[in-house]
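Only one structure is covered here, and it is reproduced in the block below.
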Amino acid sequence: MLDLWRFLGGNVPGGFSLLLVAVIAFLLVWRHVYRVGQTLKDQNYRRWRWRVPLIFLLIYFIAWIQSPPKIPPLRIAVIPGSSPGGHEWECAGTADLTARQLSRAIKGAVINPWEGAKDYSQPNPDVLQKAGYRVFQISCVSLQTGKTFLYTISNLSGAHQAFPATEHAMVDLSALMCHWTLSQLGKKQPLSSAFYRNVSAEVLESYYQGRQALLSGELDAAQAALEAALRMDAHFWPAAIYLGRVYETEGRKDSALAAYMEAARADTGSMEALLALGEYYLRIFEWEAGEAALKIVLAKSPTSSRAMAGLARIHPERLKDLRLNSPQELLEEATRLDPAYARARLQLADQLADQGFPESARKLLFEGLDFDPVSIDLLLKLGAIELQLGHPEAARQAYETILKKDPLNAIGLFNLGVVDYRTKQYDQAIRRFEAVQGLQGPVDCYYYLGLIYQSQGDPVRAKFYFQKRWELRSSDEDAFAVKARDLASQLEDKNVK
């Protein structure tokens, strides 16, 4: 019955109401023709009275197949909470194992989609809850007995369960937490191994210690722990993914690619390693290799919002073989599946703005800010859209919100200076751009300083800042640098004359 209801409520043009209106209108008109006409036989009337509605239903069914219903997925976040006493890696490891077992037990659910991503940090619990996630936090404290710990899993509604455990008990502990979480979700699925095969406690310990060290910026410790995990189990692909992250952070591109490829070869159960590899290919601009990897991921995991966001960066002509065969469709689906995924939302806003729909982009960004009101990335993009729409004061408000959260945010300060320049508050703009220089912010502040001094009739200073911007060019095709060079040349020509 539920499937029938979903079919009738399918995401087709006009929805189910259009089908009802068409059928009712036909029956009324057909009845009227039959009653007032002289040529329609009873047999033909009865025959077509039901055939035409069936034809309408068939057309609706075909449209439904082409555009299936948009049913919100079950979204679950299992995240580490507070863990005083230096037990962060145990807490994070237990949360990760719990999430992995849940993802195998509940098919089609969106669970911890940021796992293994370089450009997608875990959102905070409030953001996740507002985005429609069922959030479960795991915390860990040491008991007085020394090597005994008390783990607690809780949801944001206040329900919780505590589990005492000894060292190296993460696997058994995560299974207990899975059962409790499933009961909170009203489900009774059987559990499977988190990694599609058994992994020793020593390997898991090294892996989670290395992962925590990477997140803390301790690259040497992270590399040592992750390499130790791989020495013990050469086919443990999660360690290879994070080792690739370490190499990439250190700028060792060849080593990073080798690690990601090794992870993809070893990962025969999930698409996580292939997803990490595809994303890395895009970061190094190997578009065809990235496209191939991400298309495989999307075919095997149709709810992978990260694969959708990655493929949306590919040339649109390369997407024709997909069901969602345009960047906009991919990004709309990624945002629908995971509303907390800010990167997909930003990409979609760029798409809409470039296509001439800045109002739609603005609305999309405000929806994201409903989940995360202090997202610096969303506020920066909103400020740019507001400027595009000719709303400088709204842009100012967005940038000031950024500076309230992060007073030393050079990009927010630079953009606020641009707003001052456009509203001709030149003295204030100069102060902001000079502060941006001190923060090693965007070099375009020199270009704007040149424009300000040029408008104030100070060609000497204007020429100095234009030349400075040209000196700091990223390449000879750097657009603002080229403009600055041309303006400096024009000022020099005027002086010569």
Please state which one of Q129, Q101, Q189, Q122 is at pLDDT below 90 and on the phi < 0 side of the Ramachandran plot. Q189
Take L243 and tell me if it is under 13 Å from Y280 (Cβ atoms), in contact with a Ser or Thr (Cβ under 9 Å, 6 or more places away or on another chain) and either buried (at least 21 other Cβ atoms within 10 Å of the Cβ) or outside the structural domain of H87 (by TED's automatic domain parsing) (or both). yes
Could you tell me whether the range 320-343 includes any residue that is touching a helix residue (DSSP H, G or I) at 6+ places or on another chain (Cβ under 7 Å), more than 30 Å from A299 (Cα to Cα) and among the basic types (K, R)? no
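Please count how many residues of the range 159-186 are within 28 Å of D267 (Cα to Cα) and within 28 Å of the chain's Cα centre (by Cα).
Residues meeting the conditions: 5.
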Here are some residues: G417, G412. Which one is within 22 Å of Y453 (Cβ to Cβ) and of a type outside the set (K, R)? G417
Matching helices (runs of 4 or more DSSP H) fully within the range 439-497 where at least 2 residues are over 15 Å from V418 (Cα atoms): 459-471, 479-496
Can A484 be described as at pLDDT 95 or above and surrounded by 15 or more Cβ atoms within 10 Å (Cβ to Cβ)? no
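Evaluate the following for A299: is it part of a helix (DSSP H, G or I), surrounded by fewer than 17 Cβ atoms within 10 Å (Cβ to Cβ) and either in contact with a Gly (Cβ under 8 Å, 6 or more places away or on another chain) or among the hydrophobic types (A, V, I, L, M, F, W, C) (or both)? Lay out the reasoning, then the answer.
Values: part of a helix (DSSP H, G or I): yes; surrounded by fewer than 17 Cβ atoms within 10 Å (Cβ to Cβ): yes; either in contact with a Gly (Cβ under 8 Å, 6 or more places away or on another chain) or among the hydrophobic types (A, V, I, L, M, F, W, C) (or both): yes.
Criteria met by A299.
Working only within the range 387-396, note down all residues that are of a type in the set (S, T, N, Q) and modelled with pLDDT of 95 or more.
Within the range 387-396, none qualify.
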Test S206 against the criterion of being polar (S, T, N, Q) and more than 23 Å from S193 (Cα to Cα), and give yes or no. no
Considering only residues of the range 99-158 that are under 14 Å from the mean Cα position of the chain (by Cα) and assigned to a helix (DSSP H, G or I), which is surrounded by the most Cβ atoms within 10 Å (Cβ to Cβ)? L128
In this structure, is E288 farther than 22 Å from D96 by Cβ and assigned to a helix (DSSP H, G or I)? yes
Select from the range 310-319 the residues that are surrounded by fewer than 24 Cβ atoms within 10 Å (Cβ to Cβ) and part of a helix (DSSP H, G or I) and list them in ascending order. P316, E317, R318, L319
Could you identify the single residue in R318, R265, R283 that is under 17 Å from the mean Cα position of the chain (by Cα) and charged (D, E, K, R)? R283
Against the condition in contact (Cβ under 8 Å) with a residue 12 or more places away in the chain, part of a loop (DSSP other than H, G, I, E, B), under 15 Å from A95 (Cα atoms) and out of contact with any Gly (no Cβ under 6 Å at 6 or more places or on another chain), how does A194 come out, does it pass? yes
Go through (1) at pLDDT below 90; (2) small (G, A, S); (3) more than 21 Å from K187 (Cα to Cα) for G158 and report which single condition fails. (3)
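Okay, residues lined up against (1) among the β-branched types (V, I, T); (2) in contact (Cβ under 8 Å) with a residue 60 or more places away in the chain:
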site	(1), (2)
V297	yes, no
R306	no, yes
P316	no, no
P327	no, no
T335	yes, no
Q347	no, no
Could you please tell me which pairs satisfy a Cβ distance under 6 Å, a separation of 6+ or placement on different chains, a first residue in the range 121-144 that is over 19 Å from I376 (Cβ atoms), and a second residue that is surrounded by 15 or more Cβ atoms within 10 Å (Cβ to Cβ) and charged (D, E, K, R)? G132/R75; Y133/R75; C140/E90
How many residues does the range 171-189 hold that are out of contact with any Ser or Thr (no Cβ under 8 Å at 6 or more places or on another chain) and either touching a residue at least 12 places away in the same chain (Cβ under 8 Å) or of a type outside the set (S, T, Y) (or both)? 13
Of the residues that make up the range 215-234, is at least one assigned to a loop (DSSP other than H, G, I, E, B), over 17 Å from K118 (Cβ atoms), in contact (Cβ under 8 Å) with a residue 60 or more places away in the chain and not basic (K, R)? no
Suppose we keep only residues that are closer than 16 Å to A95 by Cα and out of contact with any strand residue (DSSP E or B) (no Cβ under 7 Å at 6 or more places or on another chain) within the range 170-187. Which one would you say is surrounded by the fewest Cβ atoms within 10 Å (Cβ to Cβ)? D172
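The values are calculated or read from the model by the stated rules, or taken from the named source; none is laboratory data. Bear in mind that the values here come from a model prediction, so they are computed numbers and not experimental data. Glycine gets a Cβ as well: all are built from the backbone with ideal geometry, and neighbour counts include every protein chain shown.
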